[in-house]
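Have a look at the structure below before the remarks.
Read-outs throughout are calculated quantities, based only on the coordinates presented, and are distinct from any laboratory measurement. For clarity, every value in this text was computed on a predicted model and none was experimentally measured. In this analysis, Cβ positions are derived from the backbone assuming ideal geometry, glycine residues included, and neighbour counts consider all displayed protein chains.
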There are 2 protein chains.
Amino acid sequence: MTTHWSRPATKALRADGLRIAELDTSGTPGFKGGKKAGKELLAERTGVLSDLQEKLYANGRSGDPRNVLLVLQGMDTAGKGGIVRHVIGSVDPQGVDHAAFGPPTTEEKRHHFLWRIRKQLPRGGQLGVFDRSHYEDVLVVRVHNLVAPEVWGKRYAEINAFERELVDEGATLVKVAMFVSLDEQKNRLRERLERPDKFWKFSPNDIEERAFWPSYQQAYQVMLDRTSTDCAPWYVLPADNKWFSRLAVTELLINALEGLKLDWPAARFDVAEQTRLLDRS
Amino acid sequence: MTTHWSRPATKALRADGLRIAELDTSGTPGFKGGKKAGKELLAERTGVLSDLQEKLYANGRSGDPRNVLLVLQGMDTAGKGGIVRHVIGSVDPQGVDHAAFGPPTTEEKRHHFLWRIRKQLPRGGQLGVFDRSHYEDVLVVRVHNLVAPEVWGKRYAEINAFERELVDEGATLVKVAMFVSLDEQKNRLRERLERPDKFWKFSPNDIEERAFWPSYQQAYQVMLDRTSTDCAPWYVLPADNKWFSRLAVTELLINALEGLKLDWPAARFDVAEQTRLLDRS
């Protein structure tokens, strides 16, 4: 099958130097096909992802400490949940460590902001998913001054040191910031208000936050500029097209897994001997 | 679509009075169709399960403490992993709390046997899955005398009290014991020894345990007799046919979810007002 990618997603979506204010959220960087081709390719690539994830899991069961951690950030309705449901949902749940980070609890607030994050890190062999993450602590926290600027100000460096540590311990981070236009966000919020089966996804706060979009845009820009590192780069995902979001994240995950050059774990037993024992059992 | 069920799975598989020694592990109790009809029905019922699970999750997000907990027990190769991958894998990972229980760690052994179980209980709105569970503490522990008989002997009552508590707090337990014949187990183990991509699933211990099958059968029988209660009944699943296992567990989960009589959560905001605010935002 033609891939329709003119450049790999890892290159086309890399955050380096990108200005969010100039981002076309309806674009499909690097991908030259349309929706139909994208969906067909996704169906095929989903199988590749699933096979690679099983290999990762198999190695984890055999003691390999390496893991892959997908970090999803984005405004309400950007499609983080859809990525979890449709991309992560295509692999074996046994190999997924999923965590969603809402507003911190009273207990969590009494700890360093990375405390609750560390507790949810994926185990070796797992595909971890953070639906929101430690980056909330330099996004919503910064926009609304939930802590003093000298506190959030030093978090960028703390995050970089933290992620360096994770990578040294065997993690591959795939950090994806998803962006929809304000108009597309309005459409998606309207749908939640029109359909009783979507009410539960809506919060009046989602509308209030729209007024802060310029501040968020600035906070996201600083986040990308200061925490997109060589060992844990950010990818910027134009997310107006759900099919493209899913295809792109699938490609990023495949790339991360392929980078591990995984093989099936070797037998830690004598196959011929065990076969004889089995036959007699 | 014809369902091909002559009796609902909840009735056909109910453990009460059943003798494991007489179980036909290749049977499909209550289901009159064959493999093809079973697979077609499964595809349809998977969608039903997924929709119900989303409703459970939506209610959980709105504060409903209720949850559904699938407890899977079975000998090696019985197909527990396949149920997780194919049945649980069909619903949204955000709504799944999955836990697998291996041999207890040194720390876990220093606690009451339910200590590690309590830590993994599903949250409200979640579909919990236990791949092995607290029942290991009256199965492998009993067969190999890992603790004194007076210790494991009182666990049946402790388990019943524990599960009563869970149900009172809003859990619906779906306890499934999966059984394959010794011959079918041999076939499945042989496959793991023949295929290098399956080596990681094999352990020499799997063969050693086959010699203990009579003791396990007895331990399973006592478990069913003593812990299949009205509030948390056991279902016995003949598991030689993977397609039947998956179909049956799907039906049991659908039944549990339907029993909650879930509706979409009502809006906790003024829809018309929010729509106006959105239009102006």
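If you rank B:Glu22, A:Glu194, B:Glu163 by fewest surrounding Cβ atoms within 10 Å, what's the result?
Final ranking by Cβ density, sparse to dense: B:Glu22, A:Glu194, B:Glu163.
How large are Rg and Dmax for segment A:217-264 when only the alpha carbon atoms are used, in Å?
Cα radius of gyration and Dmax of segment A:217-264 are 13.7, 45 Å respectively.
Can you give the angle from 0 to 90° between the axis of helix A:155-168 and the longest principal axis of chain A, with both taken from C-alpha atoms, to the nearest 10?
It is inclined by approximately 10 degrees.
Place a +1 charge on the Cβ of each Lys and Arg in segment B:220-281 and a -1 charge on the Cβ of each Asp and Glu, then give the dipole magnitude about the Cα centre in debye, rounded to the nearest 20.
180 debye
Closest to the A-onto-B rotation axis, which residue of chain A has its Cβ, and how many Å off the axis is it?
Its Cβ sits closest to the axis: A:Pro93, 3.
Under the rule of at least 5 residues apart or a separate chain, name every residue whose amide H is placed under 5 Å from the amide H of A:Thr172.
Those qualifying (amide H under 5 Å, at least 5 residues apart or on another chain) are A:Asn67, A:Val68, A:Leu69.
Taking chain B as the reference, fit the longest principal axis to its C-alpha atoms, fit the long axis of helix B:271-280 to the helix C-alpha atoms, and give the angle between the two in degrees, 0 to 90, nearest 10.
Roughly 70 degrees between the two axes.
Residue separation times 0.36 nm, minus the C-alpha to C-alpha distance between B:Arg280 and B:Asp51: what's the value?
Extra length available between B:Arg280 and B:Asp51 comes to 79.1 nm.
Of the candidates B:Asp131, B:Asp240, B:Asp263, which one comes out as most mobile in a Gaussian network treatment of chain B with C-alpha springs shorter than 10 Å?
Top of the fluctuation ranking is B:Asp263.
Going by a ≥ b ≥ c, the root eigenvalues of the Cα gyration tensor, does segment B:1-136 fall in the rounded group (a/c under 1.5), the prolate group (a/b larger than b/c) or the oblate group?
Here segment B:1-136 falls in the oblate category.
Which value, to two decimals, describes the C-alpha radius of gyration of the protein assembly as shown once divided by 2.2 N^0.38 Å?
Expressed relative to 2.2 N^0.38 Å, the Cα Rg reads 1.03.
If you count the DSSP beta bridges with both ends in segment B:9-280, what percent of them are antiparallel, to the nearest 5?
Around 5 percent antiparallel, to the nearest 5.
Semi-axes, largest first, in whole Å: what does sqrt of 5 times each Cα gyration tensor eigenvalue give for segment B:124-200?
Taking √(5λ) for each eigenvalue gives 31, 20, 10 Å, largest first.
Considering only the label points, 7 Å along Cα→Cβ from Cα, what distances in nm to one decimal separate B:Glu165 from the same position in each other copy, shortest first?
Result, one decimal in nm: 3.5.
Where q = 0.09, 0.10, 0.12, 0.15 Å⁻¹, what log10 of I(q)/I(0) comes from the Debye formula for segment A:9-280, counting one point per Cα?
Here log10 of I(q) over I(0) equals -0.45, -0.54, -0.77, -1.18.
I need the shape label for segment B:3-57. Rule: rounded when a/c is under 1.5, else prolate if a/b > b/c, else oblate, with a, b, c from the alpha carbon gyration tensor.
Verdict is oblate for segment B:3-57.
Note the distances from A:Glu44 to each other copy's matching label point, with points 7 Å along the Cα-to-beta-carbon direction, in nm, sorted shortest first.
Nearest to farthest, the other copies are at 3.3 nm.
Pick from B:Pro122, B:Pro204, B:Pro104 the residue whose mean-square fluctuation is largest in a GNM of chain B, springs joining Cα atoms under 10 Å.
Of the options given, B:Pro204 has the highest mean-square fluctuation.
Give me P(r) over segment A:162-277, computed from all C-alpha to C-alpha distances, binned every 10 Å, as integer percentages.
Calculated over all Cα pairs of segment A:162-277, the distribution is 10, 26, 27, 18, 9, 6, 3, 0 percent.
May I ask for the distance between the Cα centers of segment A:147-206 and segment B:222-280, given as a whole number of Å?
29 Å
Taking only Cα atoms, what is the 0 to 90° angle, nearest 10, from helix B:35-61's long axis to the longest principal axis of chain B?
60 degrees
What are the residues whose amide H is under 5 Å from the amide H of A:Ala100, where those residues sit 5 or more places off or on another chain and H is modelled from the backbone?
Those lying under 5 Å, H to H, from A:Ala100 are A:Asp131.
Could you list, in their original order, any pairs among A:Lys11/A:Lys154; A:Lys80/B:Lys261; A:Lys201/B:Lys80; B:Lys198/B:Lys242; B:Lys39/B:Lys80; A:Lys35/A:Lys198 whose Cα atoms are separated by more than 21 Å?
A:Lys11/A:Lys154; A:Lys80/B:Lys261; A:Lys201/B:Lys80; A:Lys35/A:Lys198
As a footprinting exposure proxy, order B:Arg246, B:Arg85, A:Arg61 by other Cβ within 10 Å, with the fewest listed first.
Fewest to most other Cβ atoms nearby, the residues stand as A:Arg61, B:Arg85, B:Arg246.
Starting at the first residue of segment A:242-251, write each ³J(HN,Hα) from the Karplus equation 6.51 cos²θ - 1.76 cosθ + 1.60 with θ = phi - 60°, in whole Hz, x for Gly and Pro.
Residue by residue, segment A:242-251 yields 4, 4, 5, 3, 5, 4, 5, 5, 4, 5 Hz.
Gaussian network model of chain A, Cα springs within a sub-10 Å range: biggest mean-square fluctuation belongs to which of A:Val48, A:Val174, A:Val138?
A:Val48
What does the copy distance list look like for B:Ala272, label position 7 Å along Cα→Cβ, in nm and ordered from shortest?
8.3
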